[in-house]
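**Q** Below is the structure I would like to discuss, written out as structure tokens.
The values are calculated or read from the model by the stated rules, or taken from the named source; none is laboratory data. Everything numeric here is computed off the predicted structure, so don't read it as measured data. In this analysis, Cβ positions are derived from the backbone assuming ideal geometry, glycine residues included, and neighbour counts consider all displayed protein chains. For accessibility, only protein heavy atoms count, side chains too; no ligands or nucleic acids. Shrake-Rupley method; radii C 1.70, N 1.55, O 1.52, S 1.80 Å.
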Amino acid sequence: MIAIGSDHGGFELKREIIEYLKKKEIPVLDCGCYSPDAVDYPDIAVEVCSKVTGGESELGILICGTGIGISIAANKMHGIRAALCHSTFDGRMARMHNNANVLCLGGRTTGVSIALDIVEAFVGAEFEGGRHEKRVGKIMSIEE
Ligand code: RB5
């Protein structure tokens, strides 16, 4: 299950990503927003990240205008490693090296085709572990 959410700046891209995930038969949980009306991105970040930390969904996707605000908010949540990605390489590395559990995208900065490729790269990659395990562990120990 992938939990997905956006503010108004990412509303259109969220729609495209949901359609894409459904076509791929990947279960998706839409955490809002549900109209293009303005909402505050930290509220959406909390919704999606709670699903990830609560175990309801394995991964999360968050979109705001730039992806910046929503990634900052997401990374305040314990247990979340949110990565703002602009390329497929970013998307793959975020999983393989950083064990990111939330992908952040900019609805006003990244085109639909590139965003869908990033989603595919992120969802399809796996954490490599090994030497990265210790480094990710050090990131998580900052929370304590
Ligand atoms: C909303 O206008 C915009 O500030 C938001 O989507 C995001 O880009 C913030 O980082």
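**Q** Which percent of Cα-Cα pairs in the stretch 59-120 sits in each 5 Å bin, short to long?
**A** 4, 22, 33, 26, 13, 2, 0
**Q** Sticking with this one: Using Cα-Cα distances under 8 Å and only pairs 6 or more residues apart, what relative contact order does the stretch 46-144 have, in percent?
**A** 28 percent
**Q** Can you give me the accessible area per residue for the stretch 43-144, using a 1.4 Å probe, in Å²?
**A** The answer is 49 Å² per residue.
**Q** What do the square roots of 5 times the Cα gyration tensor eigenvalues come to for the stretch 40-144, in whole Å, largest first, as semi-axes of the equivalent ellipsoid?
**A** 20, 17, 11
**Q** Could you tell me the convex hull volume per residue, in Å³, taken over the Cα atoms of the stretch 17-69?
**A** Considering the Cα atoms of the stretch 17-69, their hull volume per residue is 88 Å³.
**Q** Under a Cβ-only charge scheme (Lys and Arg +1, Asp and Glu -1), can you give me the dipole magnitude of the chain about the Cα centre, in debye to the nearest 20?
**A** The dipole of the chain has a size of about 440 debye.
**Q** Using the charge dipole of the chain (Lys, Arg: +1 at Cβ; Asp, Glu: -1 at Cβ; taken about the Cα centre), state which of Y34, V52, M140 has its Cα farthest towards the positive end.
**A** Highest projection toward the positive end goes to M140.
**Q** Past 23 Å, Cα to Cα, is the threshold; run K24/K134; K14/K51; K24/K138; K24/K76; K51/K134 against it and keep the listed order.
**A** K24/K134; K24/K138; K24/K76; K51/K134
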